[in-house]
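Inspection log for the structure reproduced underneath, given as structure tokens.
The values are calculated or read from the model by the stated rules, or taken from the named source; none is laboratory data. The shown structure was predicted, so the numbers you read here are calculated from the model rather than taken from an experiment. For neighbour counting, all protein chains shown are included, and Cβ atoms are generated from backbone atoms with ideal geometry for every residue, glycine included. Quick note on the areas: whole protein, heavy atoms, side chains included, nothing else; ligands and nucleic acids left out. Shrake-Rupley method; radii C 1.70, N 1.55, O 1.52, S 1.80 Å.
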Amino acid sequence: MTYPNEGQLLDLTAQELLHTTRSVRLRLDFDRPVPDHLISECVETALQAPSGSNRWLMQFLVVTDPDKRAAFGEIYRDAFEQQYKKLPTYIGAVEKATPEANESQGRTTRSAEFLADTFHRAPAIVLACAVGRAEGGAPIAKTTLLGSVLPGMWSFMLAARLRGLGTSWTTVGLFQEQRVHDLFGIPIDSVTIGSMSPLAFTKGIDFKPALRPSPDEVIHWNQW
Ligand SMILES: Cc1cc2nc3c(=O)[nH]c(=O)nc-3n(C[C@H](O)[C@H](O)[C@H](O)COP(=O)(O)O)c2cc1C
């Protein structure tokens with residue numbers, strides 16, 4: 001497969017797109033700027049996703065300014081080193097059931113650690129936000145709020161892949177949520193950040209389906 005020409009999309013079937021859109025970290029091309037219009041096209045696709053009560057709560061913050069990227073990179077690195085790495089759910093601390101799965105986990109850990117050191121080098125950083133806060137509300141409030149932005153962000157990532165762009169879902173920066181809000185002027189009492197991703201052209205465009213459980217391991221028919 002070759003890179004699409006300007007204005008074209010990768011020649012992938014829908015099934016291939018859904019099975020090969022990976023978290024890209026080691027293969028982000030930090031030296032190639034991403035044209036604004038490609039980002040707008042990805043947002044256009046994101047906005048086709050569902051939202052609770054059709055309320056259109058999704059907003060995007062796109063960071064291309066090098067100083068702001070540097071400041072965000074510092075927050076992300078601090079959160080990664082000082083908070084995330086100390087948790088039992090740290091990606092490198094999670095034990096899988098087979099040697100093959102543990103090997104894959106090790107590769108992903110190295111990739112995640114690489115991103116923690118290099119986030120600021122991505123030509124763009126995309127924050128997917130929902131207008132609203134759900135603290136103190138019924139559980140359904142949080143589910144609906146996040147559910148109104150996360151599907152859109154995944155659509156953004158699929159649209160990015162079709163354009164030869166790589167993304168990686170991240171939340172670790174939210175260990176330092178206040179700092180992120182302050183840096184970008186996002187009101188913390190009325191806006192929730194759902195996902196923060198680097199955005200860059202990928203080095204090469206061939207990606208593989210990942211190791212996952214089989215459907216039989218995760219489907220509960222009729223009763224849990
Ligand atoms: C809710 C959520 C939070 C995540 N947070 C981070 C993160 O902060 N940093 C990171 O490098 N990857 C993060 N990831 C990416 C996962 O590590 C990744 O999806 C997983 O390892 C599977 O790899 P794949 O996406 O390439 O299939 C996150 C993914 C999800 C869904």
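Being under 15 Å from residue 112 (Cβ atoms) and open to solvent by 30 Å² or more (accessible area, probe 1.4 Å) is the filter here; which residues of region 66-77 pass it?
Within region 66-77, just 77 meets the criteria.
Looking at region 152-205, which of its residues are of a type outside the set (Gly, Ala, Ser), under 22 Å from residue 135 (Cβ atoms), within 11 Å of the ligand (Cβ to nearest atom) and open to solvent by less than 30 Å² (accessible area, probe 1.4 Å)?
153, 170, 172, 196
Scan region 130-144 and tell me whether some residue there is touching a residue at least 60 places away in the same chain (Cβ under 8 Å) and not aliphatic (A, V, I, L, M). For region 130-144, residues touching a residue at least 60 places away in the same chain (Cβ under 8 Å) and not aliphatic (A, V, I, L, M): present.
Please state which one of 38, 10, 57, 61 is open to solvent by 40 Å² or more (accessible area, probe 1.4 Å) and in contact (Cβ under 8 Å) with a residue 12 or more places away in the chain.
61
Looking at this structure, is residue 81 open to solvent by 90 Å² or more (accessible area, probe 1.4 Å) and within 16 Å of the ligand (Cβ to nearest atom)?
On the way: open to solvent by 90 Å² or more (accessible area, probe 1.4 Å): no; within 16 Å of the ligand (Cβ to nearest atom): yes.
No.
Filtering region 102-110 for residues that are at pLDDT 95 or above and closer than 30 Å to residue 41 by Cα leaves a non-empty set. Highlighted here are the strands (runs of 3 or more DSSP E) found entirely within region 119-224 that include at least 1 residues which are more than 30 Å from residue 31 (Cα to Cα) and modelled with pLDDT of 95 or more: 124-131, 191-201. Annotation note: Cβ proximity below 7 Å between a residue of region 206-222 that is under 12 Å from residue 22 (Cβ atoms) and a residue that is open to solvent by 90 Å² or more (accessible area, probe 1.4 Å) and part of a loop (DSSP other than H, G, I, E, B) (sequence gap 6+ or interchain) occurs for 206/1.
Restricting region 104-121 to residues that are surrounded by 19 or more Cβ atoms within 10 Å (Cβ to Cβ) and closer than 15 Å to residue 84 by Cα, the residue that is farthest from the ligand (Cβ to nearest atom) is 116.
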